[in-house]
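See below for the structure under consideration.
The values are calculated or read from the model by the stated rules, or taken from the named source; none is laboratory data. The structure presented is a predicted model; accordingly, all values stated were derived computationally and were not measured. Note that each Cβ is placed from the backbone with ideal geometry, even for glycine, and that neighbours are counted across all protein chains shown.
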Ligand code: CP
Ligand code: NVA
């Protein structure tokens with residue numbers, strides 16, 4: 001089994017299914033009265049260079065449910081790569097804690113943490129990807145659709161970290177994936193090529209479009225995310241002018257299947273990439289999706305740290 005959880009590109013379909021199945025097992029156990037303390041006495045460092053609600057709280061609570069403890073370290077505390085080099089932080093933390101969850105700007109910082117730490121490292125979002133999010137998302141799709149067989153997952157918006165993780169996971173698991181982005185905001189060709197290789201093995205079909213209506217036609221799942229990710233704030237105005245045709249509103253959703261579910265990793269900029277009517281409407285699974293971060297990550301923690 002994997003030592004770290006850094007990128008879906010490094011995991012086999014079997015390993016991804018092992019995470020999802022462990023998450024389902026622990027969610028059922030938790031609903032039936034609570035989890036066994038399989039991480040009793042263990043500590044997970046929560047290293048954040050960016051803000052967070054879901055990732056911070058779900059990892060902290062997840063550790064608590066499994067009998068362990070989360071230790072929050074804010075952007076100001078460690079100065080990852082500034083006050084102290086990333087390899088040194090990795091080696092120092094390895095002397096104190098049993099696992100490191102990190103949210104960084106540069107993905108290379110996560111890779112370096114994993115290289116130099118002797119304890120497992122979990123990627124809690126980097127500019128490249130957001131693999132824990134993808135695990136919570138596929139758990140949510142499984143719960144709402146009953147299976148991943150024949151599911152058409154369509155992402156509308158920016159070809160960002162969340163979009164890349166969804167594409168890689170879909171490609172590995174044989175789920176058909178479509179993305180509609182504005183021109184200039186596509187997922188990079190090198191990552192598309194990687195995903196195409198995974199898809200060739202799994203049988204998934206990947207489509208890369210610019211037309212949001214064409215993209216969502218026949219979709220079982222519509223997924224969107226903010227137009228401006230953390231770290232891109234200087235581009236906010238430019239993006240606000242380009243992205244409105246990609247808004248997930250009732251009109252766009254009407255082109256998908258009648259039983260389509262609408263997903264968003266959150267936080268949402270309501271009125272921009274998603275309207276209130278959709279976010280709070282009958283197709284929305286936004287809050288069960290957010291809740292599933294807890295269960296998906298308990299699966300990851302159990303597999304890496306128990
Ligand atoms: N979706 C997600 O990762 O949310 P936070 O940024 O609040 O952790
Ligand atoms: N793409 C967003 C996701 C936030 C969870 C960002 O990186 O800001």
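Scanning region 77-96 for residues that are buried (at least 22 other Cβ atoms within 10 Å of the Cβ) and under 24 Å from residue 62 (Cβ atoms), we see that the one that is modelled with the lowest pLDDT is 80. For region 267-275, indicate whether the set of residues that are within 16 Å of ligand 1 (Cβ to nearest atom), closer than 23 Å to residue 56 by Cβ, loosely packed, with under 15 Cβ neighbours inside 10 Å and within 18 Å of the chain's Cα centre (by Cα) is non-empty. Yes; the residues of region 267-275 include at least one that is within 16 Å of ligand 1 (Cβ to nearest atom), closer than 23 Å to residue 56 by Cβ, loosely packed, with under 15 Cβ neighbours inside 10 Å and within 18 Å of the chain's Cα centre (by Cα). Does residue 138 satisfy being away from ligand 1 (no atom under 16 Å from the Cβ), buried (at least 24 other Cβ atoms within 10 Å of the Cβ) and in contact (Cβ under 8 Å) with a residue 60 or more places away in the chain? Against the criterion (away from ligand 1 (no atom under 16 Å from the Cβ), buried (at least 24 other Cβ atoms within 10 Å of the Cβ) and in contact (Cβ under 8 Å) with a residue 60 or more places away in the chain), residue 138 does not qualify. When you check residue 110 against the structure, is it closer than 22 Å to residue 302 by Cα, part of a helix (DSSP H, G or I), touching a residue at least 60 places away in the same chain (Cβ under 8 Å) and within 16 Å of ligand 2 (Cβ to nearest atom), yes or no? Judged against the criteria, residue 110 is a match.
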